[in-house]
Amino acid sequence: MRAMTIKEAKAHLNELVEAALGGEDVVLMRGSKHVAAIVPLGEDDLQIAPRLTDEQATKIWKTLAAERATGKMIEVDSMERAVAVLAKGGRPAASKPGSPRGPRTRTRRST
């Protein structure tokens with residue numbers, strides 16, 4: 001890892017990008033304070049995590065509570081099964097109570 005001022009970085013930007021492509025981190029400084037970094041990126045770094053506003057989160061929680069109260073929420077026994085159910089747009093076949101299938105995962109039925 002190397003550190004340099006923003007002024008130096010401007011003069012050597014192409015070199016710093018090549019260094020990042022080679023796996024090197026470069027810290028940028030304003031005076032003696034570290035303020036930013038040029039770092040290598042991988043495919044995973046380009047995934048943007050979804051974010052909800054407070055209003056959206058409240059709406060989701062209210063919808064889930066209403067579905068739970070009315071019995072519209074279904075249970076599946078694995079994430080794979082949840083994906084299959086959602087892909088078909090249907091409901092899973094009823095499972096036998098007490099069957100040893102491990103932890104259950106809940107998902108909402110699309111309406």
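The values are calculated or read from the model by the stated rules, or taken from the named source; none is laboratory data. Small disclaimer: the values here were computed from a predicted structure and weren't measured. Neighbour counts run over all protein chains shown; Cβ positions are idealised from the backbone, glycine included.
Residues being surrounded by fewer than 10 Cβ atoms within 10 Å (Cβ to Cβ) and either touching a Lys or Arg at 6+ places or on another chain (Cβ under 6 Å) or polar (S, T, N, Q) (or both) are entirely absent from region 36-45.
Return the residue satisfying two criteria in turn: it lies in region 36-82 and is part of a helix (DSSP H, G or I), of a type in the set (A, V, I, L, M) and at pLDDT below 85, and of such residues it is nearest to Leu21 (Cα to Cα). Of everything passing the filter in region 36-82, Leu46 is nearest to Leu21 (Cα to Cα). Kindly indicate whether Glu24 is part of a helix (DSSP H, G or I), out of contact with any helix residue (DSSP H, G or I) (no Cβ under 8 Å at 6 or more places or on another chain) and either outside the structural domain of Met73 (by TED's automatic domain parsing) or among the basic types (Lys, Arg) (or both). The answer is no for Glu24.
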